[in-house]
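**Student:** Have a look at this one.
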Amino acid sequence: MIENTILKANREGRYALVFALPFPSFDLIELAAHVGFDAITIDGEHGAYSTESVDNICRLSNACGMSVIARVPNIAAYQVNLYLDRGIQGVTGPHVETGAEAQALADACLFPEAGWRSWGGGRGTEFNDPEKIAEYGGQRAFMKWANDNMIVMAQIESKKAHDNLDDILAVPGLTGVAGGPNDFAASMGLAGQPEHPDRVAATADIERRAVAAGKSIGATTFSIGVRDFMFGQAREFCQENRAKPFFTYLMTGNSLRLAPRLANRNVSRGRIDYIGRQIKPNKGDLESKP
């Protein structure tokens, strides 16, 4: 296991830069490392990830010096554990609506005595190798190290969650909260209107109360991924060249070579992640999708 590179960046007083991997791709992971991203994030709720693919994503990302965080499919302990055993160092639990659910999420992510995470035999516990565990000072020392390098985020994406926010923020094992404006708006009777002033005001209230409670905020105000490349640079290429005469077809060349160019231009603006408590959040820090 490696030190959590998001928390390391926060300790250095800066945002971590996290690349949103839209599907399993070793090439994209390596390119993300080349251009300077700190970590990789995957979406297990909406993305197409098998247990084996998560294993391999963690393997390569760690080898490239990047931690991996994930939105898990749901907050059931067995599901969270499947991701943690692969080597995930940050969990965002979707659709957390009560303090009890936030507590269950934290318990699933953290070893005793901070929680009730199950001890497995995968990468997340150094394959239960006694000699490797001994390098941490033994199993109990490893558990503490793993807890210290774990991010636990509750996704607040409904009116019910907002109503129960104080109970959620009171959970000690919770690092912070993330947002979900589309689902949040729908829960307010505003489906398809994530920019509605009422939803925006509710999110601002969540941000304010989370910071006051000493919690971090998961931000995706500007994150970059393949969607940015395809919906930006690639679309621009098609629009500019569609009407050119005398060519049977035009190619982009090596598309993967274009991705780091896009990332290099934007990585300094990237602001995903988990803001250290000492850093004041900016407006819109909970604008996660969906």
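The values are calculated or read from the model by the stated rules, or taken from the named source; none is laboratory data. Not measured: the values here are computed from a predicted model. With ideal geometry, Cβ positions are generated from the backbone for all residues, glycine too; neighbour counts draw on all protein chains shown.
**Student:** Go over the candidates 32, 102, 63, 48 one by one and state the one that is under 30 Å from residue 166 (Cα atoms) and among the small types (Gly, Ala, Ser).
**Tutor:** 102
**Student:** Report, ordered by the first and then the second residue, all pairs with beta carbons closer than 7 Å, sequence separation of six or more or different chains, a first member in the stretch 124-143 that is closer than 21 Å to residue 68 by Cβ, and a second member that is basic (Lys, Arg).
**Tutor:** Filtered contacts from the stretch 124-143: 124/86; 126/132.
**Student:** Just to be sure before I move on: is residue 207 farther than 22 Å from residue 73 by Cα, touching a residue at least 12 places away in the same chain (Cβ under 8 Å), crowded, with 17+ Cβ neighbours inside 10 Å and not basic (Lys, Arg) in the structure I sent?
**Tutor:** Here the answer is yes, as residue 207 does meet what is asked.
**Student:** If you check 65, 90, 47, which single one turns out to be among the small types (Gly, Ala, Ser), surrounded by fewer than 19 Cβ atoms within 10 Å (Cβ to Cβ) and touching a residue at least 60 places away in the same chain (Cβ under 8 Å)?
**Tutor:** Just one listed residue meets the conditions, 65.
**Student:** Go through (1) at pLDDT 90 or above; (2) of a type outside the set (S, T, N, Q); (3) in contact with a strand residue (DSSP E or B) (Cβ under 6 Å, 6 or more places away or on another chain) for residue 48 and report which single condition fails.
**Tutor:** Only one criterion is unmet by residue 48, namely (3).
**Student:** Which condition number in (1) under 26 Å from residue 41 (Cα atoms); (2) in contact with a His (Cβ under 9 Å, 6 or more places away or on another chain); (3) hydrophobic (A, V, I, L, M, F, W, C) is the one that residue 188 fails?
**Tutor:** (1)
**Student:** Residue 2 passes all but one of (1) out of contact with any helix residue (DSSP H, G or I) (no Cβ under 8 Å at 6 or more places or on another chain); (2) farther than 18 Å from residue 176 by Cβ; (3) not basic (Lys, Arg); which number fails?
**Tutor:** For residue 2, the exception is condition (1).
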